[in-house]
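Read-outs: derived from the displayed coordinates by stated rules, not from any lab. For clarity, every value in this text was computed on a predicted model and none was experimentally measured. Here the Cβ positions follow ideal geometry from the backbone for every residue, glycine too, while neighbour counts run over all protein chains shown.
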Amino acid sequence: MRTLNALNRHRTALLLLLSGAALLRITLASDLFQRYVKQSLRPELVAAGVLLVLLGILSAVRDQPGEAHDEEARGHAGPGRLAWLLAPPALLLLSFAPPSLGAFTVARDGSGQIARPVTFDPLPPTGTLRLRLSDFDARAVWDTHQSLKGRTVEVEGFVAPGRNGTWQISRIIVSCCAADARVVAVTVLGPTAPPANTWVTVTGTWNPADATPTIEAATLARIPSPADPYRDTAP
Amino acid sequence: MIDATSGAPPVEAEAVPPRAWAVWTWRLAALLIKLALGSVVALIIFGGLLVAAPELFDYLIAPAFQAWQTVLVAVVIQGLPFLLLGTVVSAAISAFVSDAALSRVLPKRVALAVPVAGMAGAVLPGCECASVPVAGSLMRRGVPPAAALAFLLSAPAINPVVLVATSIAFPGRPEMVGARFLASLATSVSMGWLWLRLGKPEWLRLNRSADAHRHGGHTRLDVFRRGLQHDFLHAGGFLVLGATAAATFNIVVPPTWLQTFTGSTWLAVPLLGTLAVILSICSEADAFVAASLAAFPATAKLAFMVVGPMVDLKLISLQTGTFGRAFAVRFCAATFLVAVLVASAVGAWLL
């Protein structure tokens, strides 16, 4: 109880420092923030982290410990004990930061919906097509000219379980943060599935017989997982 | 007022009025009760899952729990810089801007001030996390609540960043951008006027401790810093609470149940409105999610984009912290209804 009381007296400084340190750890000390938010948010996160650490130090130096606590005891509204809720996410980020979204999110996604593009750019006439998964999906489902037919295609993504014992190569696309994750996936026919969440490159041909986007794999190669897991890129 | 310090002698302890201690104990008890209630709800959800699919439990629990953590942390990280920006602006308004300066900017008649404040939301880009503390400090500084509320709703919905994101998400469909702008502006202004007609000041419980007058004897910069610290920590707790709720729904509600409602516009519009509340996606990104819900009618996607920046779990939580529960419950419910109605009308007309 005495410890809790002491913690509470330093709540303002403690929580500001903790939150600031967590933001700096995932942006400056590592690239971990890319598991949670879009890459371009880094400057804002760093600025917020620096400001929070500065505020925490200022508060520790200039404010009487327990000031907010005493104000509450006198019936004034302090930041409230709810502010302690900031601690668990900060501690989580400072210790073992949770992994990026993967096969679990893909398996739960039932939408299978593919947005219809306005136009399709012409493909190079010969050679292997290196496509983003979302491009492969869009061409497989919406392209009336069947531009993928008979072409050798190379796509990249991570392994996720599919329906009826099949497996898929998949990407999760994030526009802002992991809460707005969208799934794109291509069913792979041929080789047996590597473990879930392994990143692979698949070369093969489009299988037009299937209603869902499907690739007949000729080769399969493991690759290291990319730094930014949420951006759909061509191999 | 003397600042009590940690080593206060027992004589001074007697001077503390018993009412304050009663309030203190009551708050602690209330917090404990809420914690207990929250745990019971969590246990029921967990228990239900276990009963429904015992064989899946082992398989589900680890990755589901990890995905839940990832989404929770993501919503908090995404929100923190904008919440901090909002509290910096809000603390600056509290510490440096005079009441007279603000009232000069807005028209004297409140009914006119509402649309002006609504349009101001289009010029001042803000994420929804930032606009809640700013609207709170505007009210504390004497801006009519109706006008501050119109700004609160419109700022995250119709700023240039959001409109550009919408046009990228719906290529070749500029009418989506126009419909979003019109429906969002109409909803915010309607809510301002509605507050003018039906709103009761006693519903609003503004947190006044960040006010400059309370801390006599401190420099302005200290007042600014303390207001900032206070508002940020206060709102931050509510942000985490809202993020927890959003992450829980994100993981618990299976996306497949959406498929059932794609056929009927009458069902799809309120359904996607509700989905926007549950998912709590930031307004910069919601257009991409709306576009990916390809099977739904355009009006339902519009409702998703109009409701999202104005009412979602994260916002309900933040508004509860800033304006009090009595306000947040009524205002969010009314905003949801108005937003869905306006989106349906604008969708029928433009899409």
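Data table
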| read-out | value |
| --- | --- |
| Contact order normalised by residue count of segment A:113-195, Cα under 8 Å, 6+ apart, percent | 24 |
| Unit charges on C-beta of K, R, D, E only; dipole of segment B:223-326, Debye | 240 |
| Neighbour-count order for A:44, B:284, A:156, B:202, fewest beta carbons within 10 angstrom listed first | B:202, A:44, A:156, B:284 |
| Footprinting exposure proxy for A:149, A:38, B:108 (fewest neighbouring C-beta atoms within 10 Å first) | B:108, A:149, A:38 |
| Gaussian network model of chain A, springs between alpha carbon atoms under 10 Å - residue of A:148, A:18, A:58 with greatest fluctuation | A:58 |
| FRET efficiency estimate (nearest 0.05) - Cβ-Cβ, residue B:253 to residue A:30, R0 30 angstrom | 0.40 |
| Amide hydrogen neighbours beyond the local backbone of residue A:223, cut-off 5 Å, H modeled | A:199, A:200, A:201 |
| Most mobile listed residue (A:182, A:171, A:116) in chain A, GNM with C-alpha springs under 10 Å | A:116 |
| HN-Hα J in Hz across segment B:263-278 - Karplus 6.51, -1.76, 1.60, θ = phi - 60°, x for Gly and Pro | x, 9, 4, 4, 7, 5, 5, x, 5, 5, x, 5, 4, 4, 5, 6 |
| Segment B:256-338, relative contact order in percent, only Cα pairs under 8 angstrom and at least six apart counted | 31 |
| Dipole moment magnitude, nearest 20 debye, chain A about Cα centre, only Lys, Arg, Asp, Glu C-beta charged | 280 |
| Folded to 0 to 90 degrees: helix A:133-142 orientation relative to chain A principal axis, Cα | 50 |
| Highest average packing first - B:334-344, A:159-169, Cβ atoms within 10 Å | B:334-344, A:159-169 |
| Relative contact order computed over chain A (Cα-Cα under 8 Å; 6+ residues apart), in percent | 19 |
| Across B:108/B:314; B:200/B:301; A:38/B:200; B:108/B:200, pairs whose alpha-carbon gap is larger than 30 Å | B:108/B:314; B:200/B:301; A:38/B:200 |
| Debye, to nearest 20: dipole size of segment B:122-202, +1 on Lys, Arg Cβ, -1 on Asp, Glu Cβ | 140 |
